[in-house]
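> One structure, as structure tokens, below. Some questions next.
Values in this text are rule-based calculations from the coordinates and carry no lab data. Remember, predicted model here, so these are calculated numbers, not experimental data. No Cβ is skipped: glycine too gets one built from the backbone with ideal geometry, and neighbour counts run over all protein chains shown.
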């Protein structure tokens with residue numbers, strides 16, 4: 001091979017290495033971008049309210065037990081439109097008449113509301129089976145909202161077959177397509193068992209239209225027992241009560257100016273303004289202390305509003321981009337050195 005040919009070969013290999021480094025850099029950039037997406041979007045709002053489905057169509061053999069619970073906490077700020085929910089689910093299975101084995105409770109946090117809970121339908125249908133299920137819905141609303149009554153469609157066509165007791169908080173039969181709670185219909189029909197179902201709570205609200213469908217068509221074999229409960233708790237707090245962090249003093253005291261003020265103004269400490277001046281002479285009134293934003297004083301509130309992007313996620317994303325930039329700079333410098 002001639003000297004010219006060897007030089008061309010080395011030049012070609014050098015270009016290939018440079019291209020390979022650029023390709024690697026591009027791949028790193030793509031991987032970093034994909035890695036940062038869940039960090040930056042982890043708290044973004046879902047496209048639609050979320051459904052919860054738990055313990056449906058399970059434990060349908062003889063003498064099996066199913067015991068499940070869902071606790072939903074929905075939060076809405078009417079003025080800002082910020083929504084969030086935290087849901088804790090617990091699932092237990094076992095043998096009827098014995099303590100069940102429970103899985104570790106799971107918690108799901110989202111920036112949207114839970115729209116519905118479907119629980120323990122078509123379950124515990126074996127002979128001697130037991131169904132014990134509960135749903136608690138807690139609605140926290142900041143701003144103007146009108147409480148609404150909880151409507152129910154409950155215990156319709158249940159406790160048949162003879163020898164089965166029926167204990168329901170009501171036999172209300174609101175249209176199931178619109179009822180807040182549809183519960184325990186067509187359950188405990190095998191005879192020799194029991195159905196105990198309740199709906200409790202103060203109210204719900206149209207701004208959080210969570211509905212529950214629970215224990216329908218469950219415990220249908222002989223000797224089966226169904227015990228189910230739904231509870232709604234709705235808390236409505238007027239906008240500005242415990243949300244804005246107080247109206248702390250902003251301009252300092254209104255003490256006398258030009259040396260005509262009295263002693264130092266007594267700055268506001270709990271959301272009040274600065275002190276007022278007075279007297280014949282002395283130093284100007286001192287600046288008022290701003291109101292306490294932590295919520296300890298009258299008129300002060302709680303935590304800051306959720307912006308939909310946690311600070312820790314932003315920091316992680318920024319760190320990833322910074323590291324990527326340093327890597328690209330190192331590769332570019334190495335390429336420049338090779339060319340020289």
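> How many percent of the alpha carbon pairs in the range 179-234 exceed a separation of 13 Å? Don't skip to the answer; put the middle values down first.
Numbers: 925 of 1540 pairs.
Beyond 13 Å sits 60 percent of the P(r) for the range 179-234.
> Oh, and also: Which value in Å is the Kirkwood Rh of the range 50-237 over different Cα pairs?
Over the range 50-237, the inverse of the mean reciprocal pair distance is 16.6 Å.
> Follow-up. Along Cα→Cβ, 7 Å out, is where each label goes; now give me the distance between the ones at residue 144 and residue 200 in nm to one decimal.
Taking the two extended label points, one gets 3.4 nm.
> Between residue 53 and residue 235, what is the spin-label point distance in nm, taking each point 7 Å from the Cα along the Cα→C-beta axis?
Using points 7 Å along Cα→Cβ, the separation is 3.2 nm.
> Once you keep just the Cα pairs under 8 angstrom separated by 6 or more residues, what percentage relative contact order results for the range 50-237?
Result for the range 50-237 is 26 percent.
> With both partners inside the range 153-244, how many of the DSSP beta bridges are antiparallel, as a percent to the nearest 5?
10 percent
> Once each part is reduced to its C-alpha centroid, what is the distance from the range 76-133 to the range 135-172 in angstrom?
Taking the Cα centre of each part, the range 76-133 and the range 135-172 sit 16 Å apart.
> For the range 148-190, what is Rg from Cα atoms divided by 2.2 N^0.38 Å, rounded to two decimals? Each step should come with its number before you reach the end.
Working: Rg = 11.1 Å, N = 43, 2.2 N^0.38 = 9.2 Å.
Dividing the Cα Rg of the range 148-190 by 2.2 N^0.38 Å gives 1.21.
> For residue 62 paired with residue 78, estimate the spin-label separation in nm (one decimal), with each label point 7 Å from Cα along the Cα-to-Cβ line.
So the label points at residue 62 and residue 78 sit 5.8 nm apart.
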